[in-house]
Amino acid sequence: MTESESKVVDLLAVFSDLAPAADAVEQLHAMGVHDDSMNVISGIPVTEAMLGRPRQWTNVPRIAMGGAILGMGAGIFLAYISPFLYAYPIQVSTQSFIPGPPTVVVLFELTMLGMLLSTFLGVFLDSFFPNYRPMKYVPEISDGKIAILVECTHVEEKKITDVLKKLGAESVKPAEAQHL
Amino acid sequence: MTDHKQHTEHSHEEHLREKHLMLDPLPRGKMNEMVMEAMTTPPTWKWWLVFSLLAAFVAWGLFYKWGVLIAKGQGEAGVMRPDYWGIFLVNTVFWIGISHAGTFISAILRVFKAEFRRPFTRAAELMTTFGLVQAGFSIFMHMGRVWLFYWLMPYPNQRLLWPNLHSPLTWDLLAITTYLLSSTMYLFLPLIPDVAMARDRSTGWRKNLYKILALGFRGTEGEWTHLRNAMSIFAFAIIPVMFSVHTIVSWDFAAATRPGWSSTIFGPYFIVGALHSGMGAAVVVLAVIRGTMKHMNYFVRGEHFDAIGKLMLIISMAWAYFFFNDYMVQWYGGDKWTQQLLHFHEAGPMGWMWFTMLITNIAIPWALLWNAKWRSNPWIVGFVGIAINVGMWFERYIIIPISVTINRMPFTWRMYTPGIEVPMGIGTVALFILLYMAASKLIPLIPVWEVQEGQMAHELKKFGRETVVSVSELE
């Protein structure tokens, strides 16, 4: 294969409906295109099962769990350690110096705060947000279209374009990165 | 099949489509266009007039009067022994109550997959964030030396002082901060795909604004997966946070041994009260959005008012139950001061407020919301929403300044007369509406992607001879 033939191009095929997009994914698999060389972009959440795509990995629940543990740590610090740092220790009536029920309140609030903050940050980390670099995208996607971004060699480009068009793609063209 | 039968069936289907947004899909591009038009249409002179009046109220009531309060001291307000909290705390509790609608609609209804929620989750979530801002203002106003608010924060300092974490007021700080941050993040996450949509069809400063807010979102499989996972975690986790906030607010009172306050059911009573006022406010906001913004009658329909009306009716019944429960136990206890206080509520100089509270919180919702036709009318349900909010504000007024009038030291008994806190309270109402008006011109109030997702999941299906609405679970 010559250098120009082995050059990798990204094709962006736009479909107006879910069914032809799922057919296209199936056909691309049959043609030997690996899942790693494809990405589906859509204006609404389309599950992997609908398109016959492998399950997407997400770290968000793990990051959330980590945040919850950190939040609880902050709660433990406030509830159990900060009373000892006080210059004038507060003794409330006959309550013990570190009373149980108020401690539960502090631990609960800080654990939840840690979990929710880290969930939010998890989306940013996993999705590489914010990302203002040029990206391969067409605005029609947010009008409800489904786009398949396929990575292929120059030699496969024509064949894949023809197949995708035959399966109902409204347009298939080399994707150009642009500022959104 | 005869022509007549076919015609009847066809008109039944037409009726179902007209009634249910989820069965009346439009192309996504068209829905995007409608939402963008509603947001970007230049405001009319009436809009500007209302906006200017509200801005004047905010400038006068909130900021000027606050300045006066800071300059002259808390004596400008009507708070003095035995009423140290007054309207400041009434408004704090009221606004926290309003903020419960967003979480209730967006999280609880999402968890239970209540499909009617889809078009107005954002409108409700905005109420949560803006309501909590007013609650925060109401606390700060009452703080006196507000510039020292950071003394409440737990951080190492030269004074070697830490907040007293045994105090319900410190729990308030933790709970309200957690709720404000969580609800703002929960508002922002599902907004990302919609601001990306707005980015794709804007120019000029709007394009730049939406570009920043959209964070580079394209809608890849990975982005949707992370977003949906996060929204799912938020939907489940924010519900106990919501419950904790108003429970902790109720402990500001219930943890004291005052007549009228020391009650073990104050926590759930306050939560139900918060949902009552929150749903009432949400329905008013929806009626205004539908009546004033372009194309909103497509997205917000009678079915939505009907569904919220049912919830309001159930919550009103629950509130009545808790109110009676609280009243009954206190009355039966026979404590001398509590008996005197209960009598004072009904027969004292503010007795009219106590009876109005019962009429607006129970009688009006029960009289008007039992009928499905009335329930589908935005003006009727909106009226009930306003009545409930008046009633719930009165309820908080009765619990706070009126209840502390009667205590175990008769020499301190004194009727509370509000002062500068009245215009300041009006200022918070004006700021809430002002923020909402500004938001309606800056962010898509309808979560279009959620509406489209719902429309994909709904269809009409024939069961025997009947055509019924069927929903598929796409998630």
ask   = Relative to the longest principal axis of chain B, what angle (0 to 90°, nearest 10) does the C-alpha long axis of helix B:448-457 take?
value = 60 degrees
request  = Report the calculated FRET efficiency for B:MET143 and B:MET80 (r = Cβ-Cβ distance, R0 = 22 Å), to the nearest 0.05.
outcome  = 0.85
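Given charges of +1 on the Cβ of Lys and Arg and -1 on the Cβ of Asp and Glu, with all other atoms neutral, how large is the dipole of chain A about its Cα centre, in debye to the nearest 20?
Working: 12 positive and 19 negative charges, 100 e Å.
Taking the Cα centre of chain A as origin, the dipole is about 480 debye.
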query = Can you give the longest stretch of chain B with no exposed loop site, where a site means trypsin sites (Lys or Arg not before Pro) in a DSSP loop (not H, G, I, E or B) with at most 14 other C-beta atoms within 10 Å?
reply = B:160-293
ask   = Which angle from 0 to 90°, rounded to the nearest 10, does the C-alpha axis of helix A:154-166 make with the longest principal axis of chain A?
value = 90 degrees
request  = Might you report the magnitude of the Cβ-based charge dipole of the protein assembly as shown about its Cα centre, with Lys and Arg at +1 and Asp and Glu at -1, to the nearest 20 debye?
outcome  = 1680 debye
request  = Give the distance, in whole Å, between the Cα centre of segment B:280-298 and the Cα centre of segment B:393-471.
outcome  = 13 Å
ask   = Using Cα atoms only, what is the angle between the long axis of helix A:100-127 and the major principal axis of chain A, expressed in degrees (0 to 90) to the nearest 10?
value = 20 degrees
key: Per-pair calculated FRET efficiency, R0 = 41 Å: B:GLU14 and B:TRP60 via Cβ, rounded to 0.05   = 0.20
query = Looking at A:TYR137, A:VAL155, A:VAL92, which one has the Cα that reaches farthest to the positive end of the dipole of chain A (charges on Cβ: Lys, Arg +1; Asp, Glu -1)?
reply = A:VAL92
query = According to a simple spin-label model (label point 7 Å from Cα along Cα-to-Cβ), what is the distance in nm between B:THR41 and B:GLN6?
reply = 4.0 nm
ask   = How many nm separate the modelled label positions at A:HIS34 and A:LEU18, each set 7 Å beyond the Cα in the direction of the Cβ?
value = 2.9 nm
note = If each part is reduced to its alpha-carbon centroid, segment A:110-141 and segment A:24-46 end up apart, in Å, by 23 Å
request  = Give the residue from B:PRO259, B:TRP48, B:VAL133 lying farthest towards the positive end of the charge dipole for chain B; charges sit on Cβ (+1 for Lys and Arg, -1 for Asp and Glu) and the dipole is referred to the Cα centre.
outcome  = B:TRP48
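Shielding of A:94-100 by partners, i.e. mean partner chain Cβ atoms within 10 Å per residue?
Working: counts 0, 1, 0, 1, 2, 2, 0.
Taking all residues of A:94-100 together, the mean is 1.
At R0 = 51 Å, how high is the FRET efficiency between A:ASP162 and B:LYS72 if r is their beta carbon distance? Nearest 0.05 is fine. Each step should come with its number before you reach the end.
Working: r = 81 Å, r/R0 = 1.58.
Given R0 = 51 Å and the Cβ-Cβ separation, E is 0.05.
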query = What spacing in nm lies between the two simple spin-label points modelled at B:VAL329 and B:ARG159, each 7 Å away from Cα in the Cβ direction?
reply = 3.7 nm
key: Neighbour-limited loop hits for chymotrypsin sites (Phe, Trp or Tyr not before Pro), segment B:78-132 (at most 13 other Cβ within 10 Å; DSSP other than H, G, I, E, B)   = B:PHE112
Where chymotrypsin sites (Phe, Trp or Tyr not before Pro) fall in DSSP loop in segment B:381-460, at most 14 other Cβ within 10 Å = B:TRP413
note = Under the Karplus relation with 6.51, -1.76 and 1.60 and θ = phi - 60°, whole-Hz ³J(HN,Hα) for segment A:82-90, x at Gly and Pro, equal 4, x, 7, 7, 6, 5, 10, x, 8
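If you place +1 on the Cβ of every Lys and Arg and -1 on the Cβ of every Asp and Glu, how big does the dipole about the Cα centre of segment B:257-395 come out, in debye to the nearest 20?
Working: 8 positive and 6 negative charges, 91 e Å.
Dipole about the Cα centre, nearest 20: 440 debye.
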task = For B:LYS462, go through the aspartates and glutamates and keep the ones whose alpha-carbon is under 15 Å away, minus same-chain ones fewer than eight residues off.
result = B:GLU9, B:GLU13, B:GLU14
message = Please list, by residue number, every one of the trypsin sites (Lys or Arg not before Pro) in segment A:1-88 that is coil in DSSP and has at most 16 other beta-carbon atoms within 10 Å.
response = A:LYS7, A:ARG55
query = For chain B, with the dipole built from +1 on Lys and Arg beta-carbon atoms and -1 on Asp and Glu ones, taken about the Cα centre, which of B:VAL68, B:MET34, B:HIS15 lies farthest toward the positive end?
reply = B:VAL68
ask   = If you average 1/r over all unlike Cα pairs in segment B:100-257 and invert the result, what Kirkwood radius do you get in angstrom?
value = 17.9 Å
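Taken together, the values in this text are just the output of simple stated rules run on the coordinates, not laboratory data. Keep in mind that this is a model prediction, so the values were computed, not measured. All Cβ positions, glycine included, derive from the backbone under ideal geometry; neighbour counts span all protein chains shown.
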